[in-house]
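Enquirer: Got a structure for you, questions after.
Nothing in this text is a laboratory measurement; each read-out follows from the coordinates by a stated rule. Just so we're clear, the structure is a prediction, and the values are computed from it rather than from any experiment. Neighbour counts are summed over all protein chains in view; Cβ atoms, including those assigned to glycine, are modelled from backbone coordinates with ideal geometry.
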Amino acid sequence: MGVYDLPQKSLMFNTKERVDLFKRALSDVPQVEITAYSGLTVRYAAEIGAHVLVRGLRIGADYEYEREMALMNRAMQPNVETICLMSSLEQQFISSSRIKEIAKLGAEIDNFVPPHVSAAVAARISNQ
């Protein structure tokens, strides 16, 4: 799994912290390796020998965006396919923006993220 290093975007956690949070969340899945990367995702996939990008779809707008991205990626790297998985109905409304917003307003996020992520978000908010 690749964690995109996007320094020009204002994120709650830096790249190393996000990698660490993902590693903890997926520690019981030994087949998954989590690394940071920059540049084009499809180029990174080709560099590490990946042949498939797995993307998640929550809402209709996600489909249009991901379809266009998949077609562009295919034009750049024909050997890398994109597979999109639809989220469950119970989780389609969850986004990092909403999680951060409700956490900043003092609401619990424990039902939406793993406990270590909830603790990290709470700690970050209390330090701001």
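Enquirer: Which angle from 0 to 90°, rounded to the nearest 10, does the C-alpha axis of helix 115-126 make with the longest principal axis of the chain?
Expert: 60
Enquirer: For the chain, calculate the relative contact order in percent as a whole number, restricting contacts to Cα pairs under 8 Å that are 6 or more residues apart.
Expert: Normalised by residue count, the contact order of the chain is 22 percent.
Enquirer: For helix 60-76, what angle does its Cα long axis make with the longest principal axis of the chain, in degrees from 0 to 90 and rounded to 10?
Expert: The helix 60-76 is inclined about 40 degrees to the chain.
Enquirer: Still on this model: Treat the count of other C-beta atoms within 10 Å as a stand-in for reagent exposure and order Lys16, Lys100, Lys9 from fewest to most.
Expert: Fewest-to-most Cβ neighbours within 10 Å comes out as Lys9, Lys16, Lys100.
Enquirer: Using a Gaussian network for the chain with springs between C-alpha atoms less than 10 Å apart, which of these wobbles most: Val113, Val80, Val32?
Expert: The residue that fluctuates most here is Val32.
Enquirer: Computed from the mean reciprocal separation of all distinct C-alpha pairs, what Kirkwood hydrodynamic radius does the chain have, in Å?
Expert: 16.4
Enquirer: In deg cm²/dmol and to the nearest 500, what is the mean residue ellipticity at 222 nm of the chain if only DSSP H runs of at least 4 residues count, each as -39500 (n - 2.57), divided by the residue total?
Expert: -13500 deg cm²/dmol
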